[in-house]
Amino acid sequence: MDSPGYNCFVDRDKMDAAIQDLGPKELSCTELQELKQLARQGYWAQSHALRGKVYQRLIRDIPCRTVTPDASVYSDIVGKIVGKHSSSSLPLPEFVDNTQVPNYCLNARGEGAVRKILLCIANQFPDISFCPALPAVVALLLHYSIDEAECFEKACRILACNDPSKKLIDQSFLAFESSCMTFGDLVNKYCQAAHKLMVAVSEDVLQVYSDWQRWLFGELPLNYFARVFDVFLVEGYKVLYRVALAILKFFHKVRAGQPFESDNVKQDIRMFVKDIAKTVSPEKLLEKAFAIRLFSRKEIQLLQMANEKALKQKGITVKQKRQFVHLAVHAENFRSEIVSVKEMRDIWSWVPERFALCQPLLLFSSLQHGYSLSRFYFHCEGHEPTLLLIKTTQKEVCGAYLSTDWSERNKYGGKLSFFGTGECFVFRLQPEVQRYEWVVIKHPELIKPVPCTSSHSSCSDPADRLSPFLAARHFNLPSKTESMFMAGGTDCLIIGGGGGQALYIDGDLNRGRTGHCDTFNNQPLCSENFLIAAVEAWGFQDPDTQ
């Protein structure tokens, strides 16, 4: 191995055993689409020298702040910052949050160099407050840098990226936490079988999902992480979500058929990722990742903004002990005539993450407030979102998560009209559990994003949208039936439409019917025509306002 990138920082015996340098030596491609394909295919993965050249080129092309520290800055400051300390005993910056430096076939000198570089980055980027992914990034870049100074410069360019459309690495606790919430939302929508398993075996499902970056930046073996990083440098942050979702899918595939008795799922997933070579190759992992039909980059960015806004509203901007989703439903003070604590916790695991920290608040109960739709509206208006629960006289239980305030119905002058967003979903709990989401989530080919043509339109402040990544008004739909989420009049309440209704309830909250509808592509949620035993509506109460 004669590549200059593998110098005195690498344990050459481990490195030679890990990867053989057999690949091509040059890359002439300049078109982004072709570069994406080559990165996904691992074109430069088997050539140390070529990967080093490609990294140099890709990182050089990152748009950065005007003043970004370079190699000469490192040479000027490293002696002053490190002083006479042994590099192996250097403390890590606080912003890495006690993250271990991944070995990645580095020798003792290489691990010390990572610590030196991290301390110099902390000196030059005082605004970084939380960045546990950085040790892994620096450790990998050290493989493809001539010396510490060059590695420092590359890491600085990644951190100093100023292209708002090209998010690279989270650098604050707020950004990190909202990314974890966004990942939870994506798991909820794209890995429903795995999510169901996580809910079943983990008391704190959000705590499991908050570990997703560690799976990539720490637990993945070097040759896997390098393949992910190849594509990440070309395509950006969305790649990380894809790979983490693929990891969870493979974990579910391996573990779902086995007795699951572990009381530490978080640790189990870490061990699975560390030993992932026993299960799947880097090629298969990336193939699975890119087979997932995710929301667009813009829609994910809007979802991240919505989660970040929710955290700010709760005052969660710095690292602190988090309240997890299952703890939001406390057995000692939860009372429902329709669902158990366990069933409510299952429902709570389906709601968008930005509401998962809220407590369930009973707004309306037909047994307390009477069987009247007008009273239902009176108690529910002003609350957004809400949860509707129905128990039939046959002891069937079904319901709907409704994203929009019921007062929205008053905007249509008494005419029965649909409103709401694609975050709405319907479900049944008895006799079996099943959830049905907006049909567009499963079939994104049905829609095309609506272009934003005016700076004065609703596009100008996407963070203020209730459900920005799924708001029907931001899509071109083939027909209106795909956006019939919820409607309410004086004599009936309807959830879902088009070719039928997911739920119809009469004005006396006495009778109802259910069937297939185009909005959710659902099966009947209970007996198609049913008599109502009880109706409840629940709101989401911020724990800080109790």
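The values are calculated or read from the model by the stated rules, or taken from the named source; none is laboratory data. None of the values given here were measured: they were computed from a predicted structure. Cβ coordinates were reconstructed from backbone atoms using ideal geometry, including for glycine residues, and neighbour counts include every protein chain displayed. Surface accessibility is based on the protein's heavy atoms, side chains included, excluding ligands, DNA and RNA. Shrake-Rupley method; radii C 1.70, N 1.55, O 1.52, S 1.80 Å.
Some points to look at:
- Distant-in-sequence amide H partners of residue 533 (H built 1.01 Å from N, under 5 Å): 391, 392, 393
- Computed extension length for residue 162-residue 31: 45.0 nm, one decimal, from 0.36 nm per residue of separation with the Cα-Cα distance subtracted.
- The chain - charge dipole about Cα centre, Lys and Arg +1 at Cβ, Asp and Glu -1, debye rounded to 20: 460
- Using θ = phi - 60° and Karplus 6.51 cos²θ - 1.76 cosθ + 1.60, couplings along region 356-367 (whole Hz; Gly, Pro as x): 5, 7, 7, 8, x, 10, 5, 9, 8, 9, 4, 6
- Links that overshoot a 21 Å alpha carbon limit, given the list 189/249; 154/284; 166/284; 196/395: 154/284; 166/284; 196/395
- From its DSSP helices (H runs of at least four residues, each -39,500 (n - 2.57)), the chain gives a residue-normalised ellipticity at 222 nm of -11500 deg cm²/dmol.
- Under 20 Å from a label point set 7 Å out along the Cα-to-Cβ vector of residue 407, the amide N atoms of region 522-541 belong to 537-541.
- Based on protein heavy atoms only, region 481-546 ends up with 37 Å² per residue of surface accessible to a 1.4 Å probe.
- FRET efficiency for residue 146 and residue 314, using Cβ-Cβ distance with R0 set to 56 Å, rounded to 0.05: 0.75
- Dimensions in Å of the chain - Rg and Dmax from alpha carbons: 26.0, 81
- Karplus (6.51, -1.76, 1.60) ³J(HN,Hα), θ = phi - 60°, over region 152-164, in Hz, Gly and Pro reported as x: 4, 5, 4, 4, 5, 5, 5, 6, 8, 3, 10, 8, x
- Region 176-298, accessible area per residue, ligands and nucleic acids excluded (1.4 Å, Å²): 35
- Anchor residue 167: aspartates and glutamates whose Cα lies under 13 Å away (excluding residues fewer than 8 positions away in-chain): 235
- Rounded accessible area per residue of region 1-171, 1.4 Å, Å²: 47
- Residues residue 253 and residue 94, FRET efficiency given R0 of 30 Å [Cβ-Cβ distance, rounded to 0.05]: 0.20
- Length gained when the stretch residue 527-residue 492 is fully extended (0.36 nm per residue, less Cα-Cα span): 10.8 nm
- The calculated FRET efficiency for the pair residue 395 and residue 374, based on their C-beta separation and a Förster distance of 25 Å, comes to about 0.40.
- For the chain, the share of accessible area belonging to carbon and sulfur comes to 48 percent (1.4 Å probe, ligands and nucleic acids excluded).
- Spin-label model, residue 506 to residue 61: label points 7 Å out along the Cα-to-beta-carbon direction sit 6.6 nm apart.
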